[in-house]
Amino acid sequence: MQRMDWDDVRHFLEVVHAGSVSQAAQRLGVNQTTVSRRVSTLEERLGKKLFERLATGWIITPVGERLVASAETMAEEAYTIERHVLADSHELSGQLRVTVADVCTQHLMMPALLAFTRQYPDVNLQIIATLDVLDLAAREADVALRATDEPPPNVVGKRIAQIAYQIYGTAEFLAAANSGTRRGELPCITWIGDGHSRPPWIERNFPKTTRIYRTSELEIMLQMARQGIGIAQIPCVFGDPDPLLHRIPTRYVEPGWGLWVLTHVDLRTTARVRIFRDYLVTTLEKQKHLIEGKIDGPDACSQADIFLRQLP
């Protein structure tokens, strides 16, 4: 078996992460033929098929699945070497614009900001907090952290996780929900601009409630739930670590969006952009289980605190 080339491995991983050759090509800033050729070269060197080429798309083989973990380790080592090389670059100064949307993404990004500013004090960070989709191509921002299922064109990025939601309330509301007594009448908190008089999570789980409170801010919703004003559908990254909130068992929770770290294709190799992106990806991946709501049970708070303490 011949020695593997890092670029071939990188193209293989992008197909795995993106889910298709076309999406991998877009994220890498190359054409689909290049991605296909790189993966084929890797297969020839290994002497094994990594994907089945079907008319409906590429399906990873068992051999390919076993290769993913080793490829991820190889990628991390390559990026570490690259960061050390770039650390001496003159590009590690100047301005870096980062855009984030709501309080959830702002909260998730903060540990990366702290670590990056300590390591690279000559980079002048501008943090743009807005729900508007800034144009990365027009340099309105260099890096974007976005909750979306459809990243805009002309960008490359990494999908970290799917943001999970659960219904949360105080211990008193949890007891009321578990007792079954007037469960469907629990007071609920939702968005002012959700577009529905009764969003699906309320209609399906608490159809008899007559008390629906509304707000335009997640932070206010969180505080209202903590004060026992009502129950609310909240991102697990906030609800699970909070000692005052408990998951309220329900049959239905609305699905969340994917969490993406995005940069414009022309900026992906700029030192300060690439290094900040890697800091951000590393920070978020350490919180992946919390973002996806996979920390639950009676020790949810303690496990979530452990995750947060491990951040750089």
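The values are calculated or read from the model by the stated rules, or taken from the named source; none is laboratory data. These numbers come from a predicted model, not from an experiment. FYI the Cβ positions are ideal-geometry reconstructions off the backbone, even for glycines, and counts take in every protein chain you see.
For every residue, the table says whether it meets (1) under 17 Å from residue 160 (Cα atoms); (2) touching a residue at least 60 places away in the same chain (Cβ under 8 Å); (3) small (Gly, Ala, Ser).
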{"residue": "13", "(1), (2), (3)": "yes, yes, no"}
{"residue": "21", "(1), (2), (3)": "no, no, no"}
{"residue": "36", "(1), (2), (3)": "no, no, yes"}
{"residue": "48", "(1), (2), (3)": "no, no, no"}
{"residue": "51", "(1), (2), (3)": "no, no, no"}
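Among the residues of the stretch 170-180, which ones are surrounded by 16 or more Cβ atoms within 10 Å (Cβ to Cβ) and either touching a strand residue (DSSP E or B) at 6+ places or on another chain (Cβ under 8 Å) or in contact (Cβ under 8 Å) with a residue 24 or more places away in the chain (or both)? Break it down into steps so the answer makes sense when it comes.
Let us first name the residues in the stretch 170-180 that are surrounded by 16 or more Cβ atoms within 10 Å (Cβ to Cβ), namely 170, 173-174, 176-177.
Selection gives 170, 173, 174, 177.
Go through the stretch 226-238 and report how many residues are more than 16 Å from residue 102 (Cβ to Cβ) and either surrounded by 24 or more Cβ atoms within 10 Å (Cβ to Cβ) or touching a Ser or Thr at 6+ places or on another chain (Cβ under 6 Å) (or both).
Number of matching residues: 2.
Could you list, ordered by first residue, the pairs with Cβ atoms under 9 Å in which the first is in the stretch 271-290 and among the charged types (D, E, K, R) and the second is part of a helix (DSSP H, G or I) and crowded, with 23+ Cβ neighbours inside 10 Å, at least 6 apart or interchain?
Short answer, once both residue conditions are applied: none.
Taking the stretch 3-37 only, how many residues are at pLDDT 85 or above, more than 15 Å from residue 57 (Cα to Cα) and surrounded by 22 or more Cβ atoms within 10 Å (Cβ to Cβ)?
1
From the set of residues in the stretch 147-166 that are surrounded by 18 or more Cβ atoms within 10 Å (Cβ to Cβ) and over 8 Å from the mean Cα position of the chain (by Cα), which is farthest from residue 25 (Cα to Cα)?
Among those that are surrounded by 18 or more Cβ atoms within 10 Å (Cβ to Cβ) and over 8 Å from the mean Cα position of the chain (by Cα), it is 166.
Can you tell me which residue is farthest from residue 262 (Cα to Cα) among those in the stretch 10-35 that are assigned to a helix (DSSP H, G or I) and more than 23 Å from the chain's Cα centre (by Cα)?
So the first thing to find is which residues in the stretch 10-35 are assigned to a helix (DSSP H, G or I), and the list is 10-18, 21-28, 32-35.
Now restrict to residues that are more than 23 Å from the chain's Cα centre (by Cα): 32-35.
Working: 32: 20, 33: 23, 34: 21, 35: 20 Å.
Per the criteria, the residue is 33.
With the requirement that a residue be outside any strand (DSSP E or B), of a type in the set (A, V, I, L, M) and buried (at least 17 other Cβ atoms within 10 Å of the Cβ), what does the stretch 181-223 give you?
If the condition is that a residue be outside any strand (DSSP E or B), of a type in the set (A, V, I, L, M) and buried (at least 17 other Cβ atoms within 10 Å of the Cβ), then 186, 202, 218, 221, 222 are the ones that fit.
Just one of 159, 182 is touching a His at 6+ places or on another chain (Cβ under 8 Å) and either in the same structural domain as residue 274 (by TED's automatic domain parsing) or at pLDDT below 85 (or both); which is it?
On inspection, the qualifying residue turns out to be 159.
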